[in-house]
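Beneath this line is the structure, given in structure tokens, with notes to follow.
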Amino acid sequence: DATGHCVWTGAFLLIQCLHELAEFDIGNKRVIEFGCGTGIGGLAMMLVNNSSIVPSNICFTDNDPDALKVCERNCELNNLPETSYSTRELSWGEDADQTDVFDIALATDVLYDVDLIEPLFTTVSRCIPSKGIFILSHIPRACYNEGNPPEAVEDLEKYIIDQAVNYNLHLEAIIRPPKEDGLTPEISDWCPVTSFVGGGILLFRRS
């Protein structure tokens, strides 16, 4: 499965809107990224020129060891200090009890299958403390399986938000993508604004 070996639209959305996260006091915190793939989401946070965003440390996780190798190489190429990051193979749900507690959880474009919502939220809820933050950069492109509820098909974002409450994750804010003239040139070279339609950065706080 090469899912984690390329950069998906949700990561570009996070990069585009990264500075808007500064108001949520996420800087100098311990971060865990779920389904990191190439690591572009966490790397963007580590390299941004804004101390209100940059983590003190980040743990990149993925269930694909080959994707983690790509992530590690990208960290090296971007000269991240070895003390500022770690990588770990992690399957959602199954390994949740073995995961350390972090201040902030991050995931970009990982809910490409409705059946992934439960294991992801289970793991996130166990990995962050009360008042911890979960940043989900989401593009609505999930596939649906037999038995999935019709609400997920009708309005996937609302369904995700409603399901999150069952794991003590409560929506605090949604950051929407800018209009076309608001895209940075670096992002527009890779993603037309239509790629972000229906997407948003969902920011949850754990109760």
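The values are calculated or read from the model by the stated rules, or taken from the named source; none is laboratory data. What you see is a predicted model, and the numbers here were worked out from it, not measured in a lab. Reconstructed Cβ throughout: ideal geometry from the backbone, glycine too, with neighbour counts over all protein chains shown. The protein model used for the area step is the full one, side chains on, heavy atoms only, and it has no ligands, DNA or RNA in it. Shrake-Rupley method; radii C 1.70, N 1.55, O 1.52, S 1.80 Å.
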Next on the checklist: Looking at Arg88, Arg126, can you tell me which residue is of a type in the set (Lys, Arg), open to solvent by 20 Å² or more (accessible area, probe 1.4 Å) and over 25 Å from Asp66 (Cβ atoms)?
Outcome noted: Arg126
Checklist entry - Here are some conditions: (1) in a helix (DSSP H, G or I); (2) of a type in the set (Ser, Thr, Tyr); (3) under 27 Å from Val197 (Cα atoms). Thr83 meets all but one. Which one does it not meet? => result (3)
Checklist entry - Of all residues in segment 52-71, which are charged (D, E, K, R) and either in contact with a Lys or Arg (Cβ under 9 Å, 6 or more places away or on another chain) or within 28 Å of Phe24 (Cβ to Cβ) (or both)? => result Asp62
Checklist entry - charged (D, E, K, R) and within 17 Å of Leu136 (Cβ to Cβ) - does that describe any residue in segment 60-70? => result yes
Item to check | Selection within segment 146-195 - closer than 22 Å to Ile117 by Cβ and among the acidic types (Asp, Glu) | outcome: Glu146, Glu151, Glu154, Asp155, Glu157, Asp162, Glu172
Checklist outcome for this item: Checked segment 191-205 for anything open to solvent by less than 50 Å² (accessible area, probe 1.4 Å) and touching a residue at least 40 places away in the same chain (Cβ under 8 Å); matches are Cys191, Ser195, Phe196, Gly198, Gly199, Gly200, Ile201, Leu202, Leu203, Phe204
Checklist entry - Within segment 122-167, which residues are touching a residue at least 60 places away in the same chain (Cβ under 8 Å) and part of a helix (DSSP H, G or I)? => result Thr123, Val124, Ser125, Cys127
Item to check | Restricting segment 109-118 to residues that are of a type outside the set (A, V, I, L, M, F, W, C) and in a loop (DSSP other than H, G, I, E, B), the residue that is surrounded by the most Cβ atoms within 10 Å (Cβ to Cβ) | outcome: Asp109
Checklist outcome for this item: With criteria (1) aromatic (Phe, Trp, Tyr); (2) open to solvent by 10 Å² or more (accessible area, probe 1.4 Å); (3) modelled with pLDDT of 95 or more, Phe121 comes up short on (2)
Checklist entry - So, in segment 23-54, of the ones that are open to solvent by 30 Å² or more (accessible area, probe 1.4 Å) and assigned to a loop (DSSP other than H, G, I, E, B), which residue ends up nearest to Leu120 (Cα to Cα)? => result Lys29
Item to check | Failed condition for Glu172, given (1) in contact with a helix residue (DSSP H, G or I) (Cβ under 9 Å, 6 or more places away or on another chain); (2) open to solvent by less than 60 Å² (accessible area, probe 1.4 Å); (3) modelled with pLDDT of 95 or more | outcome: (2)
Checklist entry - In segment 38-69, which residues are aliphatic (A, V, I, L, M) and out of contact with any Ser or Thr (no Cβ under 6 Å at 6 or more places or on another chain)? => result Ile40, Leu43, Ala44, Met45, Met46, Leu47, Val48, Ile53, Val54, Ile58, Ala67
Next on the checklist: Here's a check for you: in segment 86-108, which residue that is among the small types (Gly, Ala, Ser) and part of a loop (DSSP other than H, G, I, E, B) is nearest to Leu43 (Cα to Cα)?
Outcome noted: Ser91
